[in-house]
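One structure is given below, encoded as structure tokens.
The values are calculated or read from the model by the stated rules, or taken from the named source; none is laboratory data. Quick caveat: nothing in here was measured; it's all calculated off a predicted structure. As a convention, Cβ positions derive from the backbone with ideal geometry for all residues, glycine included, and neighbour counts pool all protein chains shown. Quick note on the areas: whole protein, heavy atoms, side chains included, nothing else; ligands and nucleic acids left out. Shrake-Rupley method; radii C 1.70, N 1.55, O 1.52, S 1.80 Å.
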Amino acid sequence: MAAQETVEHKYVYDFAEGNKDLKDLLGGKGANLAEMTNLGLPVPPGFTITTEACKAYLDTGVEPAGLADQIAAHLAALEREMGRRLGDPDDPLLVSVRSGAKFSMPGMMETVLNVGLNDRSVEGLARQAGGSTDQAASGGSTDQAASGGADRFAWDSYRRLIQMFGKTVCEVPGEEFEQALDEAKRARGTTDDLDLDADDLRGLVDAYKKIFSKHTGREFPQEPREQLDLAVRAVFASWNAERAVVYRRQERIPADLGTAVNVVAMVFGNLGPDSGTGVAFTRDPASGAQGIYGDYLANAQGEDVVAGIRNTVPLQELERIDKHSYDELLDYMARLERHYRDLCDIEFTIERGKLWMLQTRVGKRTAAAAFVIAGQLIDEGLIDLDEALHRVNGAQLAQLMFPRFQLDHGFPPVATGIGASPGAAVGKVVFTSARAVELAGEGEAVILVRRETNPDDLSGMIAARGILTSRGGKTSHAAVVARGMGKTCVSGADKLDIDVPKRRFTVAGKTVTEGDVVSIDGTTGKVYLGEVPATPSEVVRYFEGELDPSATDDALVRAVHRIMSHADTVRTLAVRTNADTAADAARARRFGAGGIGLCRTEHMFLGDRRELVERLILAREPDERESALAALLPLQRADFVEIFREMDGLPVTVRLIDPPLHEFLPPLEQLAVDVAVAQERGEDVAKEEALLAAVRRMHEENPMLGLRGVRLGLVIPGLFAMQVRAITEAAVECARQGVRSCPEIMVPLVGAVQELETVRAEAERIIADVAGGSDVEVLIGTMIEVPRAALTAGQIAEAAEFFSFGTNDLTQMGWGFSRDDVEGAFFWRYLELGIFGISPFESIDADGIGRLVRIAAEEGRAARPGLKLGVCGEHGGDPDSVHFFHSVGLDYVSCSPFRVPVARLEAGRAAVITTGSDSR
């Protein structure tokens with residue numbers, strides 16, 4: 001039999017071979033470089049190594065077969081196109097090696113610039129740039145200034161390569177390179193690296209080589225292809241770097257995607273004053289306002305802008321510096337925004353007056369900007385309302401509902417930086433990420449203060465309420481990462497003199513030390529000493545009905561109203577609230593709740609009513625128990641009347657008492673000590689002794705699995721009956737007053753249909769007795785929170801008119817977790833190891849607990865068509881969980897009042913987002 005020809009897997013794509021829809025394969029950066037190439041924009045030529053190559057490398061530790069040959073072939077094609085060879089001593093081609101995952105992870109993975117430089121090609125690069133190292137050494141030429149500038153550029157590029165390669169590829173401590181640079185600047189008597197000349201930089205290269213050799217045990221590699229191969233592998237490995245893992249976990253990015261690697265011909269922004277680099281946004285990523293936004297830095301490479309090492313100038317300044325390039329850039333920005341139909345984030349370099357487009361992507365933006373831009377794009381005809389729902393999400397809406405600083409707070413600002421990510425943040429000053437994590441773990445609000453942040457600060461940025469830096473602009477690392485996480489950030493507050501080793505900064509003649517409280521305004525960029533008072537957000541005022549969206553000039557409020565209205569129109573999931581008081585019910589209704597999905601009656605037994613609960617527990621005879629229940633009845637009835645009035649015409653699901661009664665009593669250990677001490681003093685403790693005996697009698701080793709819920713109602717005669725009577729009498733009283741109540745009685749913790757049948761039989765007799773002859777209708781259903789109930793839902797549905805999934809307890813019992821114990825005990829380790837992407841109590845475990853929900857929904861409706869289905873755990877307000885419940889076909893979700901708008905929005909998004917599509 002003839003041997004089959006082996007088809008080599010394609011791991012490398014030229015930019016002309018890809019497009020923006022190949023992000024899974026080429027990563028976001030590679031796909032967008034290909035797209036810009038196809039649009040005819042000036043993109044430096046190059047090629048992309050796919051995410052599949054990365055995953056194969058990470059799985060095996062070696063490059064997949066054929067990859068080296070494919071890189072060689074594409075490199076040869078690039079050399080032919082450029083007319084240069086990689087690292088050629090006379091006329092070198094240099095390349096950048098950059099990461100690029102499907103989802104933007106700014107600064108989390110690695111980049112190496114100027115690959116191909118070595119001791120010989122640095123001379124060729126100087127000649128390319130217009131001078132020669134020999135001229136610079138001998139002097140005396142009329143072109144000495146020009147040649148010196150070219151030499152400076154070449155040696156500056158070489159020192160950058162050694163620094164980036166050493167830190168990225170060989171894990172040489174970056175601080176040692178920084179120290180060597182600082183020493184060179186001190187020797188020159190300057191604080192600006194632009195003041196270092198070619199000789200200074202030549203000496204710095206020698207110092208960098210020694211640092212490299214000391215830490216690696218080898219000389220800096222001189223073979224260009226070896227540099228390239230090692231850089232590619234380092235970018236692959238950076239996918240699993242700690243900061244990348246932490247960022248993915250924070251942003252819920254899957255861990256199995258891998259990163260692509262982009263190899264791009266170098267263009268240089270550090271060739272002199274007619275060169276530079278910048279970042280541009282087609283709209284303001286902080287507010288959404290239309291205009292020209294971004295940063296520019298003359299005579300610099302792109303990493304200088306992102307790192308915030310030197311303060312940039314506003315992009316508008318480029319019009320004065322280089323009008324031709326500025327006009328060209330504006331044209332490309334407009335083209336890209338129309339093409340992508342969204343805010344675009346663009347990186348560019350100008351090399352001696354020639355504009356090059358290095359990257360574009362759909363830009364990260366603040367929550368406010370997301371809504372405002374979506375509204376603008378609707379008006380411009382670029383997207384419709386359904387697409388607008390794709391562009392915003394519930395997490396962003398939640399951010400907009402937090403307070404902001406009061407306008408008339410009277411605190412004078414001590415510094416003003418750049419408002420890089422909006423919000424109002426107050427906290428204790430810390431100067432290191434480790435300290436931020438430590439204090440935040442103790443419950444303290446902290447503000448992370450740095451000269452500039454870098455990717456290693458990610459854990460501290462996550463822990464902090466806000467970030468304050470003295471360097472950088474709207475496109476610095478701090479700004480980009482903070483916006484992506486919804487953190488308040490002020491960058492470039494250059495009046496701050498920050499001393500990290502001494503843990504203090506000085507500003508306006510004042511010294512602020514670690515632990516002092518500061519307030520930062522991410523909208524205005526202002527920094528205040530002390531705790532500035534905050535005020536509710538305009539979005540909350542809109543939801544409260546205090547702002548008329550048709551009468552306000554607030555673009556954010558108008559956009560939120562418009563998008564929320566569409567979400568309400570298209571959603572199929574109703575949104576209810578969890579509310580135990582009339583005040584909570586009223587607020588939730590203002591926030592758009594369509595009823596109450598969980599009214600917890602045990603909250604009505606607290607406060608002054610504890611004495612009645614004690615009487616019920618201590619009752620030895622039936623008449624004592626009936627007396628306690630009779631005293632509780634009118635109190636419960638009055639509670640329900642108030643709630644039914646607030647929810648006039650809307651359903652109210654009342655859960656009968658669920659927790660063990662001992663939760664309403666003093667702790668066993670404390671009560672035992674108090675009784676013993678009183679006995680020792682000879683005091684009369686007969687009542688306390690009886691109470692202690694009752695607590696001991698009711699004590700359980702695992703009360704969450706003990707006498708609670710339906711079991712309690714079956715064991716204590718008259719308890720559930722009293723509650724059913726109070727609910728029904730309240731409904732009848734409301735009906736007499738013209739209030740239409742829609743009560744639904746929910747029996748908790750049912751595991752077998754016989755339990756529900758027993759409670760239902762008694763409840764139906766009471767309802768008929770109280771409401772007979774009236775129009776009051778009371779539904780009876782159950783919570784599905786015990787795994788057995790989910791698995792026997794078909795049987796239980798025959799006795800239930802509705803199911804409400806109690807996903808908190810269902811998660812506890814399904815996983816075998818005690819929530820109060822495990823979250824602090826080991827969840828951090830499970831998250832660290834990737835066993836959880838997120839706590840299953842925060843977002844529904846779709847594969848496990850979600851399957852129980854799906855089984856119960858399907859089997860329940862098969863047994864009783866039209867069975868009403870809802871969920872009342874806090875999962876009902878979690879964005880991802882709402883999408884899951886929509887897919888299962890539930891009728892409603894229920895959540896706390898503050899999360900009702902979030903659930904409404906996500907229910908609308910779930911209705912328009914195609915199943916299986918990515919909404920990130």
Report task. Keeping to segment 471-482, report how many residues are open to solvent by 10 Å² or more (accessible area, probe 1.4 Å) and either in contact with a strand residue (DSSP E or B) (Cβ under 8 Å, 6 or more places away or on another chain) or at positive phi (or both). Result -> 2
Query raised in the report: (1) within 22 Å of the chain's Cα centre (by Cα); (2) charged (D, E, K, R); (3) over 20 Å from L458 (Cα atoms): which one isn't true of K502, the others all being true?
Result: (1)
Requested in this report: Please report, ordered by residue number, the helices (runs of 4 or more DSSP H) entirely within segment 693-785 with at least 1 residues that are open to solvent by 60 Å² or more (accessible area, probe 1.4 Å) and β-branched (V, I, T).
Outcome: 710-715, 753-771
Report task. Would you check if L181 is over 31 Å from the mean Cα position of the chain (by Cα), within 29 Å of I49 (Cβ to Cβ) and not small (G, A, S)? Result -> no
**Report entry** Spans of helices (runs of 4 or more DSSP H) in segment 343-406 with at least 3 residues among the small types (G, A, S), modelled with pLDDT of 95 or more and open to solvent by less than 30 Å² (accessible area, probe 1.4 Å)
**Finding:** 367-379
Report task. Hey, can you tell me all the residues within segment 821-849 that are open to solvent by 80 Å² or more (accessible area, probe 1.4 Å), in a helix (DSSP H, G or I) and either aromatic (F, W, Y) or within 24 Å of V893 (Cα to Cα) (or both)? Result -> W828
**Report entry** Lone unmet requirement of (1) under 30 Å from Y542 (Cα atoms); (2) open to solvent by 20 Å² or more (accessible area, probe 1.4 Å); (3) not β-branched (V, I, T) for S818
**Finding:** (1)
Query - Scope segment 268-295; condition within 15 Å of Y326 (Cα to Cα) and among the charged types (D, E, K, R); matching residues - result: D274, D295
Query raised in the report: Can you find even one residue in segment 674-687 that is touching a helix residue (DSSP H, G or I) at 6+ places or on another chain (Cβ under 9 Å), exposed (fewer than 14 other Cβ atoms within 10 Å of the Cβ), among the charged types (D, E, K, R) and part of a helix (DSSP H, G or I)?
Result: yes
Query raised in the report: Between a first residue in segment 441-454 that is in a strand (DSSP E or B) and a second residue that is of a type in the set (F, W, Y), which pairs have beta carbons less than 6 Å apart while being 6 or more apart in sequence or on different chains?
Result: V449/F431
Query raised in the report: Taking segment 603-626 only, how many residues are buried (at least 17 other Cβ atoms within 10 Å of the Cβ) and within 23 Å of R655 (Cβ to Cβ)?
Result: 8
Report summary line: Out of (1) basic (K, R); (2) at pLDDT below 90; (3) open to solvent by 60 Å² or more (accessible area, probe 1.4 Å), the one K510 does not meet is (2)
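Tell me, which residue of segment 565-584 that is crowded, with 23+ Cβ neighbours inside 10 Å and under 27 Å from the mean Cα position of the chain (by Cα) is nearest to M783 (Cα to Cα)?
The qualifying residue nearest to M783 (Cα to Cα) is N578.
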**Report entry** Sole residue being on the phi < 0 side of the Ramachandran plot and without any contact (Cβ under 8 Å) to a residue 40 or more places away in the chain, chosen from D386, D379
**Finding:** D379
Report task. Search segment 270-291 for residues being touching a helix residue (DSSP H, G or I) at 6+ places or on another chain (Cβ under 7 Å) and closer than 25 Å to L125 by Cβ, and hand back the single one that is most open to solvent (accessible area, probe 1.4 Å). Result -> L271
Report task. Kindly indicate which of V264, V313 is open to solvent by 10 Å² or more (accessible area, probe 1.4 Å), among the β-branched types (V, I, T) and touching a helix residue (DSSP H, G or I) at 6+ places or on another chain (Cβ under 8 Å). Result -> V264
Requested in this report: Scan segment 786-807 for residues that are buried (at least 20 other Cβ atoms within 10 Å of the Cβ) and free of Cβ contacts under 8 Å to residues at least 40 places away in the same chain and jot them down.
Outcome: V786
Query - Per-region count, segment 769-805, residues within 18 Å of P748 (Cβ to Cβ) and either modelled with pLDDT under 95 or of a type in the set (D, E) (or both) - result: 2
Report task. Any chance you could count how many residues in segment 882-902 are free of Cβ contacts under 8 Å to residues at least 60 places away in the same chain and either within 10 Å of V575 (Cα to Cα) or among the small types (G, A, S) (or both)? Result -> 2
Report summary line: For segment 491-510, pairs from a residue that is under 21 Å from A420 (Cβ atoms) to a residue that is surrounded by fewer than 21 Cβ atoms within 10 Å (Cβ to Cβ) and among the hydroxyl-bearing types (S, T, Y), with Cβ under 7 Å and 6 or more apart or across chains, are A493/T416; D497/T506
